[in-house]
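Trainee: Mind having a look at this structure? Questions to follow.
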Amino acid sequence: MQALVCTNCLEKFNDKEPIWKCPSCGGLLDLEFMPSFDRERIQFRHPSLWRYREALPLNHDENIISFGEGFTPLLETDIDGVKVHIKQDHLFQSGSYKDRGAAVLVSKIRELGIKKVVEDSSGNAGCAVAAYCARAGIECHIYVPKSTSPGKLAQIQKYGAFLHLVPGTREDTASAVLEAAGVNYYASHSWNPYFFQGTKTFAYEVVEQLGWKAPDTVILPVGNGTLLLGAFIGFTELVLAGLIPNIPRLIAVQSAGCAPLAAVFQKDLSALPPIQTHETLAEGIAIAAPVRWKQIVNAVRTSGGLFITVEEEELVCALDRVNRQGFYIEPTAAAAIAGVRKYIAGQQGPEIIVSVFTGHGLKSTEKMLHLLGQDS
Ligand SMILES: *Cc1c(COP(=O)(O)O)cnc(C)c1O
Ligand SMILES: [Zn+2]
């Protein structure tokens, strides 16, 4: 059986309870769940993330809200003369990998019978949750910083979600939604454990697409850690199921303009440092106070990985190179590729490297025009 367990006081709760944090102490919840994998059955199923059905914590198939998402191509790409496998996660319905989390979370929300949710986002998580709520017929309120890319603001509203523009920083938006979450279910990509039950499918897909083999190294962009922690959960489950021998090295990439996790990791801090956020093109990972920071740092350590920070110029350069190879990704997504370039430069010896394109370039037209020197 599955249960929600508090990461702080360790109390357990029935998974039929509509809670997103510990009712006793306010701590973060994780889901305790035993997945299973039947490779024989999986291989004949539709190429979507639901092919791993027995590893996804939904009780009834009729609650599944899906656009047929997942199983995105894993393409071999040349980066500075080195072969890197890149997961094309900008190709989801709403234009970012956040659909992995939203698909499982919103399905669970329907299973719980919840009719209205709130969520906050610097853009893409809001788009993903709004899209799945639209398909499910669930009322959706998205809180975003006023400075969010106009393309993402339009997308959220076009899905029929209620948009709440919050002046100030990303942290001000987080405070505003926590107030709303006092009386509503919080479909949070950072707090809600079901979001990570969706992003973990990244690991399953990579391993299956490599012929049920684990890569040596996985390089991911990190803000709130929804992809990195999901990948860590997924790889850990595959190890426990005996399908891969060990977790790949997880390399976490942060923007130098907002790198609290890199600071914690590198200086072995016991608390998040105060961060002066600088303007960065990597809006999607500019998170000064990620709530799951301890888990993220622990996941990177456990895997034998490390943190890399990338400067604005390195991000712009990586974006340019990738776009000129025919991949239209958004600036935030290029942070990971700038990280790949730095990693490769310091590495010798053959290894299987996997990275990801997290978001689609069409979301950030005004930033692209700005980079081209064509501001309107
Ligand atoms: C959300 C997002 C990320 C990073 O995800 P975190 O959960 O904040 O670590 C990276 N790239 C894009 C395009 C995103 O939308
Ligand atoms: Zn607790």
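Trainee: Against the definition (buried (at least 22 other Cβ atoms within 10 Å of the Cβ), modelled with pLDDT under 95 and either at negative phi or in a helix (DSSP H, G or I) (or both)), how does Ser122 come out, yes or no? Working first, answer last.
Mentor: On the way: buried (at least 22 other Cβ atoms within 10 Å of the Cβ): yes; modelled with pLDDT under 95: yes; either at negative phi or in a helix (DSSP H, G or I) (or both): yes.
When the stated conditions are applied, Ser122 passes them.
Trainee: Here are some conditions: (1) open to solvent by less than 10 Å² (accessible area, probe 1.4 Å); (2) aliphatic (A, V, I, L, M); (3) touching a strand residue (DSSP E or B) at 6+ places or on another chain (Cβ under 6 Å). Ala161 meets all but one. Which one does it not meet?
Mentor: Every listed condition holds for Ala161 apart from (1).
Trainee: From the list Gly211, Gly168, pick out the single residue that is without any contact (Cβ under 8 Å) to a residue 40 or more places away in the chain, away from ligand 1 (no atom under 16 Å from the Cβ) and over 28 Å from Pro47 (Cβ atoms).
Mentor: On the way: Gly211 fails: over 28 Å from Pro47 (Cβ atoms).
Among Gly211, Gly168, only Gly168 is without any contact (Cβ under 8 Å) to a residue 40 or more places away in the chain, away from ligand 1 (no atom under 16 Å from the Cβ) and over 28 Å from Pro47 (Cβ atoms).
Trainee: Which of the residues spanning segment 18-42 are free of Cβ contacts under 8 Å to residues at least 40 places away in the same chain and either in contact with a Lys or Arg (Cβ under 6 Å, 6 or more places away or on another chain) or assigned to a loop (DSSP other than H, G, I, E, B) (or both)? Let's see the steps before the verdict.
Mentor: Filtering segment 18-42 down to residues free of Cβ contacts under 8 Å to residues at least 40 places away in the same chain leaves 19, 22-27, 32, 34, 38, 40-41.
Once the filter is applied, which keeps residues that are free of Cβ contacts under 8 Å to residues at least 40 places away in the same chain and either in contact with a Lys or Arg (Cβ under 6 Å, 6 or more places away or on another chain) or assigned to a loop (DSSP other than H, G, I, E, B) (or both), segment 18-42 yields Ile19, Cys22, Pro23, Ser24, Cys25, Gly26, Gly27, Met34, Asp38.
Trainee: In the list Ala282, Ala345, Ala262, which residue meets the criterion of being in contact (Cβ under 8 Å) with a residue 24 or more places away in the chain and out of contact with any strand residue (DSSP E or B) (no Cβ under 9 Å at 6 or more places or on another chain)? Don't jump to the end; show me each part of the working.
Mentor: On the way: Ala282 fails: out of contact with any strand residue (DSSP E or B) (no Cβ under 9 Å at 6 or more places or on another chain); Ala262 fails: out of contact with any strand residue (DSSP E or B) (no Cβ under 9 Å at 6 or more places or on another chain).
Residue meeting the stated conditions: Ala345.
Trainee: Also, I was wondering about something else. Can you confirm whether segment 183-190 contains a residue that is assigned to a loop (DSSP other than H, G, I, E, B), surrounded by fewer than 24 Cβ atoms within 10 Å (Cβ to Cβ) and at pLDDT below 95?
Mentor: So far as segment 183-190 goes, yes, one or more of its residues are assigned to a loop (DSSP other than H, G, I, E, B), surrounded by fewer than 24 Cβ atoms within 10 Å (Cβ to Cβ) and at pLDDT below 95.
Trainee: For segment 314-336, what are the residues that are touching a helix residue (DSSP H, G or I) at 6+ places or on another chain (Cβ under 9 Å) and either open to solvent by 30 Å² or more (accessible area, probe 1.4 Å) or farther than 13 Å from Ile285 by Cβ (or both)?
Mentor: Answer for segment 314-336, where residues must be touching a helix residue (DSSP H, G or I) at 6+ places or on another chain (Cβ under 9 Å) and either open to solvent by 30 Å² or more (accessible area, probe 1.4 Å) or farther than 13 Å from Ile285 by Cβ (or both): Glu314, Val316, Cys317, Ala318, Leu319, Asp320, Arg321, Val322, Asn323, Phe327, Tyr328, Ile329.
Trainee: Do you know which residues across segment 1-17 are open to solvent by 80 Å² or more (accessible area, probe 1.4 Å) and in a loop (DSSP other than H, G, I, E, B)? Write out each step before concluding.
Mentor: The initial filter retains those residues of segment 1-17 that are open to solvent by 80 Å² or more (accessible area, probe 1.4 Å), namely 1, 8, 10, 12, 14, 16.
Passing the criteria: Met1, Asn8, Leu10, Lys16.
Trainee: Could you go through segment 131-144 and let me know if any residue there is of a type in the set (A, V, I, L, M), in contact (Cβ under 8 Å) with a residue 60 or more places away in the chain and buried (at least 24 other Cβ atoms within 10 Å of the Cβ). Before you say what the answer is, go through the steps one by one.
Mentor: Taking segment 131-144 as the starting set, the residues that turn out to be of a type in the set (A, V, I, L, M) are 131, 134, 136, 138, 142, 144.
Now narrow it down to the ones that are in contact (Cβ under 8 Å) with a residue 60 or more places away in the chain: 131, 136.
Cutting the leftovers down to buried (at least 24 other Cβ atoms within 10 Å of the Cβ) gives us 131.
Yes, segment 131-144 has at least one match.
Trainee: Can I ask one more? Give the number of residues within segment 145-158 that are open to solvent by 60 Å² or more (accessible area, probe 1.4 Å) and modelled with pLDDT under 90. Write out each step before concluding.
Mentor: Taking segment 145-158 and keeping what is open to solvent by 60 Å² or more (accessible area, probe 1.4 Å), we get 146-147, 150, 157-158.
Adding the requirement that they be modelled with pLDDT under 90 leaves 146-147, 150.
Qualifying residue count for the region: 3.
The values are calculated or read from the model by the stated rules, or taken from the named source; none is laboratory data. Computed from a prediction, not measured in an experiment: that's the story for all the values here. Every residue, glycine as well, gets a Cβ built from its backbone with ideal geometry; the counts of neighbours run over all protein chains shown. Surface accessibility is based on the protein's heavy atoms, side chains included, excluding ligands, DNA and RNA. Shrake-Rupley method; radii C 1.70, N 1.55, O 1.52, S 1.80 Å.
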